[in-house]
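The values are calculated or read from the model by the stated rules, or taken from the named source; none is laboratory data. Since we're looking at a predicted model, the values are computed, not measured. Backbone-built Cβ (ideal geometry, glycine too); neighbour counts: all protein chains shown. Remember, those area values only see protein heavy atoms, side chains included, never the ligands or the DNA or RNA. Shrake-Rupley method; radii C 1.70, N 1.55, O 1.52, S 1.80 Å.
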Amino acid sequence: ARDDIDALAMRLLQQACDPTRVAVDLLAPRLLPFDVIARVAETQPALLCLGAVVPGGVPHLRYLCKQLRARFPSLPLVVGCWGAPEPVAETVELLRADGLDHIGTTLQTTRDHIMHVCQLVASQRTLLSEEGMHGPDNSGA
């Protein structure tokens, strides 16, 4: 969150998420990208959700996404981009061009992306765990 408005939107998103299925840890607004990256390195979350109420904060959001993607290429990123339709549509296009796939334009769709990515992460962990217990499947042709 870049400012108090973004932080409020992230708190609303936190309330929309099912606490029995996903733990949401909010960072303080106005953190520098370096501080966000350090926190991600320290906590190693299963996924990261960034949000911004547009039109403000778009350059900051894009910069942070690029920095996170460069430092943590396998970390799933979900981006919430909320606000008036015109700037949101333009921002979504920019974020997609930056290689981001999970972009919500309402709190509900952002929550849905979070839940979907959580399921994908859980499935991957289950597969990796099973592979680790049984070794790779060498029964193929």
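In the range 12-25, of all residues being closer than 21 Å to residue 53 by Cα and surrounded by fewer than 13 Cβ atoms within 10 Å (Cβ to Cβ), the one that is modelled with the highest pLDDT corresponds to 15. Of the helices (runs of 4 or more DSSP H) lying entirely inside the range 13-117, the ones with 1 or more residues being under 21 Å from residue 3 (Cβ atoms) and in contact with a Cys (Cβ under 9 Å, 6 or more places away or on another chain) are found at 58-71, 85-97. Scanning the range 13-33 for residues that are touching a helix residue (DSSP H, G or I) at 6+ places or on another chain (Cβ under 6 Å) and touching a residue at least 40 places away in the same chain (Cβ under 8 Å) returns 13, 16, 17, 22.
Residues that are surrounded by 16 or more Cβ atoms within 10 Å (Cβ to Cβ) and touching a helix residue (DSSP H, G or I) at 6+ places or on another chain (Cβ under 7 Å) within the range 47-64 comprise 47, 48, 49, 50, 51, 52, 53, 54, 57, 58, 62, 64, listed in sequence order. Tell me which residues, restricted to the range 65-77, are open to solvent by 10 Å² or more (accessible area, probe 1.4 Å) and either within 14 Å of residue 101 (Cα to Cα) or touching a residue at least 60 places away in the same chain (Cβ under 8 Å) (or both). Passing the criteria: 66, 69, 73, 74, 75, 76. Selection of the range 118-141 for residues being in a helix (DSSP H, G or I), open to solvent by 90 Å² or more (accessible area, probe 1.4 Å), modelled with pLDDT under 80 and not acidic (Asp, Glu) yields 125, 127, 128, 133, 134. For the range 1-12, a residue qualifies if it is over 25 Å from residue 66 (Cβ atoms) and in contact (Cβ under 8 Å) with a residue 40 or more places away in the chain, and exactly one does: 12.
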